[in-house]
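A.B. asks: Mind looking over this structure? Questions follow.
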Amino acid sequence: MASSNCSLIILLIEALLSLSSITTSHAARGLLQLPKFPNIPSLPQPTMPQLPTIPNLPTATTLPPLPSITSLPTLPTANTPLPSLPTLPSVPKMTLPPMPASIPLPNMPSVPNIPTIPTLSPPPSN
């Protein structure tokens, strides 16, 4: 049932998309059949002013040198032994007492009978 609903939705989407492409093609044909428009005269190109020069920008030779790190901290190597993990305290094991066998289990209620609605069957064919 779900697959037929899904295929019906996909079919409707495809139908809508095909109808929208038909109207698009009609609009394009209508635009192609319009009379020619008069030529628009070209406008003069504006002249751009020169950008001002900024003399205060530092150049590569006037930048201060980067600080140098003379002594790097030493990193631990693989040969350094790792400290041992602390021992965890032991946890006592939990045990449950055995269930007594003489106590009966409670009775489960039964499912009630639900009356059914009679249906009409078609008459037999001859």
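A.B. asks: Report ³J(HN,Hα) in whole Hz for each residue of the range 38-44, in order, from the Karplus equation J = 6.51 cos²θ - 1.76 cosθ + 1.60 where θ = phi - 60°; Gly and Pro get x.
C.D. replies: Calculated HN-Hα couplings, in order: x, 5, 8, x, 6, 8, x Hz.
A.B. asks: Right, next: If you roll a 1.4 Å probe over the chain with all protein chains in place, what percent of the accessible area is carbon or sulfur?
C.D. replies: 70
A.B. asks: Tell me what the chain gives for mean residue ellipticity at 222 nm when only DSSP H runs of n ≥ 4 count, each as -39,500 (n - 2.57), the sum divided by the residue total, rounded to 500 deg cm²/dmol.
C.D. replies: Helix-only estimate at 222 nm: -9000 deg cm²/dmol.
A.B. asks: Let me ask something additional. Please give the per residue accessible area of the chain, computed with a probe of 1.4 Å over protein heavy atoms only, in Å².
C.D. replies: It amounts to 115 Å² per residue over the chain.
A.B. asks: With a 1.4 Å probe and all protein chains in place, put T53, T24 in order of accessible area, largest first.
C.D. replies: My answer, sorted largest first, is T53, T24.
A.B. asks: Just T47, T95, T77 to compare: in a GNM of the chain, with alpha carbon springs under 10 Å, which one fluctuates most?
C.D. replies: T95
A.B. asks: With the alpha-carbon atoms as the only input, what is the per residue convex hull volume for the range 26-126 in Å³?
C.D. replies: Per-residue hull volume (Cα only) is 1027 Å³.
The values are calculated or read from the model by the stated rules, or taken from the named source; none is laboratory data. Remember, it's a predicted structure, so these values are computed and weren't measured experimentally. Just so you know, the surface numbers come from the protein's heavy atoms only, side chains and all, with ligands and any DNA or RNA stripped out. Shrake-Rupley method; radii C 1.70, N 1.55, O 1.52, S 1.80 Å.
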